[in-house]
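Comments concern the structure below.
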Amino acid sequence: MRPITITTGQYGDLSFEEVCRTMSEIGYDGLEIAVASHLDVRRFCAEEDYRRQIQETLDRYHLKVWALGAHLAGQCVGDNWDPRLDNFAPNELAGKPDEIRAWAIEEMKYVAKAAQLIGAKVVTCFMGSPIWAWWYSFPQTTREMIDAGYARIKELWTPIFDVFDQCGVKFALEVHPTEIAFDYYSTKKLLEVFDYRPTLGINFDPSHLLWQGVDPALFLRDFADRIYHVHMKDVKVRLDGRAGILGSHLDFGDLRRGWNFVSLGHGNVNFDDITRELNAMGYEGPLSVEWEDSGMERMYGAKEAYEFTRKMNFEPSHVAFDAALKTE
């Protein structure tokens, strides 16, 4: 059975000890540790005592780590600066675009080293995008502008991926609006730009695909060899004639929105199809709950999401269902 883990970012206000205790009591096998919330990667790389403290806490609650999450730092690598990025970087760098990018590049290298030290084979992450603001192509956007944006991402991330290779760690991009790869064809182009470098794969999250109109199961099938990690997250789409898919600048959780992230099993994602695709491709990595639901108490949600994921975590059959009907 695939291990069931949970991302810690949505519980970032709790101590690492409290997160470990709570998730262990629910039944989770491990954590996808959000480094912005629960792991100082530079300290982890430098201080043996700190590494021992983190590992002892994990061991005490019988939890393992298959992946680290470094979404916020990763966003700062590839984005063109605006004031929102100040929230993702150290306070003293606020308003300093070049310094924020330099910090993020070094931070991602430390993340790779920390993943190696903790025994995680994958880092889930964002990459940012210098061209996301042009997604609608008006004012008119030329092909040369788009190609230059992908080239810039390759320039920025190649030295980081070199460190990932040295550490034996894979990078799993969460395909997501605001990223250089946000849907099917932008993902295909990104992999082509990097010449299908094995370092770069996908953190599959169906919730970001479905509301765009992309079939998550087909996405899995076509990118099967690049699925390095899986997020379990659901989305409810309700286009009622007023709401559209662009969100109307309404906050997540606002019931007027055309779609909202919801706890597992409360949305429109077909997880049966997803499990069958994962079985067909032989994926044996973790199913990592990324719990996001502004309309539900989060501890109730964490428990409910664990139970849902366990139910959906079925193995493939190793015999044909009608094999017993055969005669000599």
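The values are calculated or read from the model by the stated rules, or taken from the named source; none is laboratory data. Predicted, not measured: the structure shown is a model, and the values here were computed from it. Because the Cβ atoms are built from the backbone with ideal geometry, glycine has one as well, and the counts that use them run over all protein chains shown. Please note that ligands, DNA and RNA were not included when accessible areas were found on the heavy atoms of the full protein model with its side chains. Shrake-Rupley method; radii C 1.70, N 1.55, O 1.52, S 1.80 Å.
If we keep just the residues of segment 16-47 that are in a loop (DSSP other than H, G, I, E, B) and under 20 Å from Ala89 (Cα atoms), which is least open to solvent (accessible area, probe 1.4 Å)?
This residue is Leu39.
Any residue that is among the aromatic types (Phe, Trp, Tyr), part of a helix (DSSP H, G or I), open to solvent by less than 70 Å² (accessible area, probe 1.4 Å) and touching a residue at least 40 places away in the same chain (Cβ under 8 Å) - is there at least one of those in segment 169-176? Within segment 169-176, none of the residues are among the aromatic types (Phe, Trp, Tyr), part of a helix (DSSP H, G or I), open to solvent by less than 70 Å² (accessible area, probe 1.4 Å) and touching a residue at least 40 places away in the same chain (Cβ under 8 Å).
Apart from one condition, Arg152 fits all of (1) in contact with a Pro (Cβ under 6 Å, 6 or more places away or on another chain); (2) open to solvent by less than 10 Å² (accessible area, probe 1.4 Å); the exception is (2). Restricting segment 305-319 to residues that are more than 20 Å from the chain's Cα centre (by Cα) and not aliphatic (A, V, I, L, M) leaves a set whose member that is surrounded by the most Cβ atoms within 10 Å (Cβ to Cβ) is Glu307.
Candidates in segment 116-140 are the residues that are closer than 14 Å to Gln75 by Cβ and not hydrophobic (A, V, I, L, M, F, W, C); of these, the one that is surrounded by the most Cβ atoms within 10 Å (Cβ to Cβ) is Thr124. Scanning segment 67-92 for residues that are outside any helix (DSSP H, G or I) and surrounded by 21 or more Cβ atoms within 10 Å (Cβ to Cβ) gives Ala67, Leu68, Gly69, Ala70, Asp79, Ala89. Can you find even one residue in segment 222-238 that is on the phi > 0 side of the Ramachandran plot and at pLDDT 95 or above? No, segment 222-238 contains no residue that is on the phi > 0 side of the Ramachandran plot and at pLDDT 95 or above. Checking each residue of segment 320-328 against the condition of being of a type outside the set (Gly, Ala, Ser), in contact (Cβ under 8 Å) with a residue 12 or more places away in the chain and open to solvent by 60 Å² or more (accessible area, probe 1.4 Å) gives no match.
The C-beta contact set for segment 35-59 (first residue under 23 Å from Gly74 (Cβ atoms), second residue small (Gly, Ala, Ser) and open to solvent by 20 Å² or more (accessible area, probe 1.4 Å), distance under 8 angstrom, 6+ apart or interchain) comprises Ala36/Gly9; Ala36/Gly12; Ser37/Gly9; Ser37/Gly12; His38/Gly12. Evaluate segment 93-100: report whether one residue or more is in contact (Cβ under 8 Å) with a residue 24 or more places away in the chain and either in a loop (DSSP other than H, G, I, E, B) or surrounded by fewer than 17 Cβ atoms within 10 Å (Cβ to Cβ) (or both). No: segment 93-100 contains no residue that is in contact (Cβ under 8 Å) with a residue 24 or more places away in the chain and either in a loop (DSSP other than H, G, I, E, B) or surrounded by fewer than 17 Cβ atoms within 10 Å (Cβ to Cβ) (or both). The residue that is surrounded by the fewest Cβ atoms within 10 Å (Cβ to Cβ), among those in segment 48-66 that are more than 15 Å from Ala114 (Cβ to Cβ) and within 22 Å of the chain's Cα centre (by Cα), is Lys64.
Among residues belonging to segment 278-300 that are out of contact with any strand residue (DSSP E or B) (no Cβ under 9 Å at 6 or more places or on another chain) and touching a residue at least 12 places away in the same chain (Cβ under 8 Å), point out the one that is most open to solvent (accessible area, probe 1.4 Å). Checked segment 278-300; the qualifying residue most open to solvent (accessible area, probe 1.4 Å) is Glu284. Within segment 48-66, the only residue that satisfies the criterion of being assigned to a strand (DSSP E or B) and of a type in the set (Val, Ile, Thr) is Val65.
Do you know which residues across segment 197-247 are part of a strand (DSSP E or B) and either of a type in the set (Asp, Glu) or more than 27 Å from Met108 (Cβ to Cβ) (or both)? Scanning segment 197-247 gives Asp234, Val235, Lys236, Val237.
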